[in-house]
1. Name the single residue, out of those in region 183-204 being surrounded by fewer than 24 Cβ atoms within 10 Å (Cβ to Cβ) and out of contact with any strand residue (DSSP E or B) (no Cβ under 6 Å at 6 or more places or on another chain), that is farthest from ILE288 (Cα to Cα).
2. Look at LEU109 and say whether it is of a type in the set (A, V, I, L, M, F, W, C) and modelled with pLDDT under 95.
3. Does region 205-225 include one or more residues that are in the same structural domain as VAL171 (by TED's automatic domain parsing), out of contact with any strand residue (DSSP E or B) (no Cβ under 7 Å at 6 or more places or on another chain), closer than 21 Å to LEU172 by Cα and acidic (Asp, Glu)?
4. Got a sec? Which of PHE148, PHE195 is over 22 Å from LEU344 (Cβ atoms) and of a type in the set (Phe, Trp, Tyr)?
5. Would you check which residues across region 297-355 are at pLDDT below 85, charged (D, E, K, R) and not in a helix (DSSP H, G or I) and list them?
6. Is there any pair linking a residue in region 1-27 that is among the aliphatic types (A, V, I, L, M) to one that is modelled with pLDDT under 95 and assigned to a strand (DSSP E or B), with Cβ under 6 Å and at least six apart or on different chains, and which?
7. Mind checking whether some residue in region 189-209 is of a type in the set (A, V, I, L, M, F, W, C), touching a Gly at 6+ places or on another chain (Cβ under 9 Å), more than 23 Å from SER96 (Cβ to Cβ) and not in a loop (DSSP other than H, G, I, E, B)?
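The values are calculated or read from the model by the stated rules, or taken from the named source; none is laboratory data. Just so it is clear, the structure is predicted and the values come from calculations on it, not from any experiment. Cβ placement follows ideal geometry from the backbone for every residue including glycine, while neighbour counts extend to all protein chains displayed.
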Amino acid sequence: MTPKIFEVDINPYILKWARESVGIKKEAVSNKIKKPIEFLNDLETGKSKPTLGVLRELSKYYKRPLAVFFLSEIPKEPPIPEDFRTLPDIDSAPLSKKTYLAIRKARRLSSIAYELVDEIGLGIKLETNNINLNDNPEEIAIIERKRFNVNIHEQINWNDENVAFKNWRDVLSKFNILVFQFQIPLEELRGFSIFGKGLPVIGLSSYDWIGARIFTIFHEYAHFLLGEEGICIPSEEILKEGKSNKEKIESFCNNFSEAFLVPKSFLLNDEAIRKLKSNSNMLSNSIIQLSRKYKVSRYVILYRLLHLEIISRNQFNRNIDRLFSEERKEIKRGYDRIVARKPLTKYGSFFTSLILESKNKGLITLSDSLDYLSIKLKHIEKLESLIFGF
């Protein structure tokens, strides 16, 4: 006797929403569950009902709790940040499931962190100035550097870009700004910024090289200043006038990041610049020297020299491709093999210590802390020793 197959009664539009919310095409779902596309079309239009087994498969694939599919209405969630990947000569890839899930996770952890910061009594410290595109990004960068209280000589004395990245991340954490890293395909985006009900989050692609990630941090921070969430592929090129509002916003964020990381007043008085002005053949060496000094990419230095009219457009064009290529060849992708350190790499010390402290105070369960930090129980003791030194 053939066993009876039980179908479940659900709102079909929730099935469609769950698929689209992670950017998955019907063809991919069809291959995953080994059913024809027509079968999926019928489920999403209500012509047929799924079995519990099929629903469990879709729940797992869409990374949604099974209970979501039994809701009467589509859950209300914040939309993904506005897409600013519209710069000239950039063919932006469609957002993948990995990216959608990273943004969703960032929003979730942002809300959790907001509640825990309030519970512990740390206070919400980010109070951005009200600025707009008519403001001068050079002047805003000076104001923000003073607010962060990072002396340029302190920045210059950092050992390398890896130390600079960690230190900038820690500086932002003092204002309860989270900087997360996700394995997001670099051809899709370099960074995103989200805020709202939770703590502000800057998300980065961990596939990008470290100097570019530093630039992206402050590009995305500028989005906070402008009150704009965004998905971005920051390019250091200044966009010419007459462009769309999105491009003007990206241009402002680029200019702010450059000015923040390489302050004009110090760069113009730098010994390397004085030598360069007396001998233009020293351009390559000067760029490398300044890149190492300010702990930014050569790409940023070259654009900074162009924007401050220290070099001509012809000099820029002659050097950009070669310097960019040389810098990429020098990148060494080092991955931390200590599993217990991975939450620190991914979420930073501020968020990691916040979760561990909240667990120790009984504000969240051990199970929740493992979930939030994406770590297994056997590694948490080592992680705590790294954070708290015991």
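1. Per the stated criteria, the residue is LYS197.
2. Numbers: of a type in the set (A, V, I, L, M, F, W, C): yes; modelled with pLDDT under 95: no.
So LEU109 does not fit the description; no.
3. So far as region 205-225 goes, yes, one or more of its residues are in the same structural domain as VAL171 (by TED's automatic domain parsing), out of contact with any strand residue (DSSP E or B) (no Cβ under 7 Å at 6 or more places or on another chain), closer than 21 Å to LEU172 by Cα and acidic (Asp, Glu).
4. The conditions single out PHE195.
5. LYS332, ARG333, ASP336, ARG337
6. Cβ pairs passing all conditions: ILE5/THR51.
7. No: region 189-209 contains no residue that is of a type in the set (A, V, I, L, M, F, W, C), touching a Gly at 6+ places or on another chain (Cβ under 9 Å), more than 23 Å from SER96 (Cβ to Cβ) and not in a loop (DSSP other than H, G, I, E, B).
For (1) part of a loop (DSSP other than H, G, I, E, B); (2) farther than 25 Å from ALA102 by Cα; (3) in the same structural domain as LEU101 (by TED's automatic domain parsing); (4) touching a Leu at 6+ places or on another chain (Cβ under 6 Å), each residue gets a yes or a no:
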residue	(1), (2), (3), (4)
ARG19	no, no, no, no
GLU27	no, no, no, no
PHE39	no, yes, no, no
LEU43	no, yes, no, yes
LYS47	yes, yes, no, no
LEU55	no, no, no, no
LEU58	no, no, no, no
